Amino acid sequence: MSKIAVIIGSTRQGRFADKPAQWIADKLAERSEIEVEILDLRDFPLPFFDDPVSPAWRNGAPIADLTVRAWSEAIDRADGFVMIAAEYNHGYTAVLKNAIDHLYAEWNRKSVGFVGYGAVNGARAIEQLRQVAIELDMAPIRRSVSIPTAQLGRFIMEGATDLDFSEADGAAESMIDDLVWWVDALAAARSTALVAS
């Protein structure tokens, strides 16, 4: 069974991110071959990254900060990810970038999909995250999910909680199909590499 972590990439007060995160987690959980874990960045109050050495050069050295260590363990145990990408000012959130930058090897050779919302349905945040994922030696999924703007508007303007993301169901199914394929392929490749070493 593959473990896929849904990462809530916003920590702001009154955030919308919880809604699409739970929705996509429920979609993932419908697949018998997937174990889902929601990783909320509120639960990992990471310091602003200022380590003297890049995580890419950590070479297995222990992580001193307990929160960073817990974050490292959570990312390491996942086989793949779905990042909830809120678009702020033409890009993704600072808190998500900080969480990404604290680690390196834990992300390597794992697949990631994206659920976006906000301006242009989060498309620009997703585009930027794909570039970052490639630098981390990840396999970003081509298909992504855009949350209907009408639902975000209902949440912000009306305080609605009965949100309907069914318009994005087809996109979610396609993304999950691809994500599962890549998660399985990369898990098999990582296992082969471990045996060979």
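The values are calculated or read from the model by the stated rules, or taken from the named source; none is laboratory data. This is a predicted model, so every value here is computed, not measured. In this analysis, Cβ positions are derived from the backbone assuming ideal geometry, glycine residues included, and neighbour counts consider all displayed protein chains.
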Quick check, is Ala150 assigned to a helix (DSSP H, G or I) and over 30 Å from Arg69 (Cβ atoms)? yes
Please work out which one of (1) surrounded by 19 or more Cβ atoms within 10 Å (Cβ to Cβ); (2) closer than 30 Å to Phe155 by Cβ; (3) not polar (S, T, N, Q) is the condition Val68 fails and give its number. (2)
Of the residues in segment 100-114, those that are crowded, with 20+ Cβ neighbours inside 10 Å, under 16 Å from Trp182 (Cβ atoms) and not hydroxyl-bearing (Ser, Thr, Tyr) number 5
Scan of segment 155-195 for residues that are of a type in the set (Gly, Ala, Ser), touching a Lys or Arg at 6+ places or on another chain (Cβ under 6 Å) and either surrounded by fewer than 12 Cβ atoms within 10 Å (Cβ to Cβ) or at pLDDT 90 or above (or both), ordered by number: Ala172, Ser174
Scanning segment 105-146 residue by residue, those farther than 30 Å from Pro62 by Cα and over 15 Å from the mean Cα position of the chain (by Cα) turn out to be Gly118, Ala119, Val120, Asn121, Arg124
Find all pairs meeting these conditions: Cβ atoms under 7 angstrom apart; at least six residues apart or on different chains; first residue within segment 121-136 and more than 15 Å from Leu103 (Cβ to Cβ); second residue of a type in the set (S, T, N, Q) and buried (at least 17 other Cβ atoms within 10 Å of the Cβ). Asn121/Ser146; Gly122/Ser146; Ala123/Ser146; Ile126/Ser144
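Conditions (1) of a type in the set (A, V, I, L, M); (2) modelled with pLDDT of 95 or more, marked per residue:
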residue	(1), (2)
Asp79	no, yes
Gly113	no, yes
Leu129	yes, yes
Arg142	no, yes
Gln151	no, no
Identify, by number, the condition in (1) surrounded by fewer than 21 Cβ atoms within 10 Å (Cβ to Cβ); (2) modelled with pLDDT of 95 or more; (3) over 25 Å from Glu173 (Cβ atoms) that Tyr88 doesn't meet. (2)
